[in-house]
Amino acid sequence: MSHCVIHGQYAHLRPLTQADYGRLYDLYTSAPLIETWRLRGVTPSPEEFVQFLWDAVLVQFVVDTGDGDFVGLVTAYKANFRNGHAYIAAIADPEYQRSGIVVEATALLVNYLFRNWELRKVYAEVLEVNYTQFEMGSRTIFDVEGRLTEHEYVGGDYQDLLVLAVTREKWKEVGHRLGVNVKDSIN
Amino acid sequence: MLPSEFSEFADDLLARLDLETSGPITAGTRLSDELGFDSLTMAEMLSCLADSGVVLPDALVGELSTIGDVHHYYLALRP
């Protein structure tokens, strides 16, 4: 296991290594995540899965608890430095999905992005079915900037894909609500 | 710090989370079903507790189901 590089109150982030591939494959291909998360129903070969894991990635971390239990993965990808934005994604073991730990991990990732790169905005693409699971919290952190109507065929229906965004300025105002020391870490 | 008495604790915590409630809050009020907690709200709540010096053991984080659970562990673990 590689060393932890970012500590939150509950979430501990460390670089992704080969030793994590099997556990992540199991997580991505477990129900219902295989349909509603980024694989969208397919089971790639092990080689394709590794390519998928690293496709357009800027930085990503495995999330563990303080006890070393595996929680999930947070990823920043499709960074566009000309225009100052990047996308984030997160996946969590169902046991931890409502615990708040993966949200803390996502917040640590967002803070890491704003601290290390001159990004103006961080985006997250979320299916409507997933967005409704955290709509209340998302109002305080993310704004819905776009909606692609009936964009993806998932679970027998066409679903909207929402584009959420948090700007650097808004993050400086609200990041502390998720336990991140924003004030001392980004300008 | 958050108040010790349950109703004051609940009112203070929910106000910090910008949550509005329509009915009375009891120890059995469920975070998810009745208060609309999602994972982001949960993370904000954990941050509020940490600001008061309370960090839950990892094994308990996913076990909180009612506001009474939160109050119980707050009283048990506060400095």
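Worth pointing out:
Rundown of residues vs (1) of a type in the set (Ser, Thr, Tyr); (2) in contact (Cβ under 8 Å) with a residue 24 or more places away in the chain; (3) in contact with a strand residue (DSSP E or B) (Cβ under 9 Å, 6 or more places away or on another chain), yes/no style:
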| position | (1), (2), (3) |
| --- | --- |
| B:39 | yes, no, yes |
| B:45 | no, yes, no |
| B:53 | no, yes, no |
| B:57 | no, no, no |
| B:63 | no, no, no |
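- Pair list, Cβ under 7 Å, 6 or more apart: the stretch A:15-35 residue under 16 Å from residue A:74 (Cα atoms), other residue of a type in the set (S, T, N, Q) and in a loop (DSSP other than H, G, I, E, B): A:15/A:2; A:17/A:2
- Subset of the stretch A:3-14 [open to solvent by 30 Å² or more (accessible area, probe 1.4 Å) and without any contact (Cβ under 8 Å) to a residue 60 or more places away in the chain]: A:3, A:5, A:7, A:12
- When A:81, A:49 are checked against the criterion of being open to solvent by less than 10 Å² (accessible area, probe 1.4 Å), in contact (Cβ under 8 Å) with a residue 12 or more places away in the chain, in contact with a Phe, Trp or Tyr (Cβ under 8 Å, 6 or more places away or on another chain) and farther than 28 Å from residue B:42 by Cα, A:49 stands alone in meeting it.
- Of all residues in the stretch A:92-106, those being more than 7 Å from chain B (Cβ to nearest Cβ) and within 22 Å of residue A:174 (Cα to Cα) number 2.
- Qualifying residue in the stretch B:22-33 (condition: closer than 19 Å to residue A:96 by Cα, more than 8 Å from chain A (Cβ to nearest Cβ) and open to solvent by less than 40 Å² (accessible area, probe 1.4 Å)): yes
The values are calculated or read from the model by the stated rules, or taken from the named source; none is laboratory data. Worth saying up front: this structure is predicted, and the values here are computed from it rather than measured. Because the Cβ atoms are built from the backbone with ideal geometry, glycine has one as well, and the counts that use them run over all protein chains shown. The area values use the complete protein model at the heavy-atom level, side chains included, leaving out ligands, DNA and RNA. Shrake-Rupley method; radii C 1.70, N 1.55, O 1.52, S 1.80 Å.
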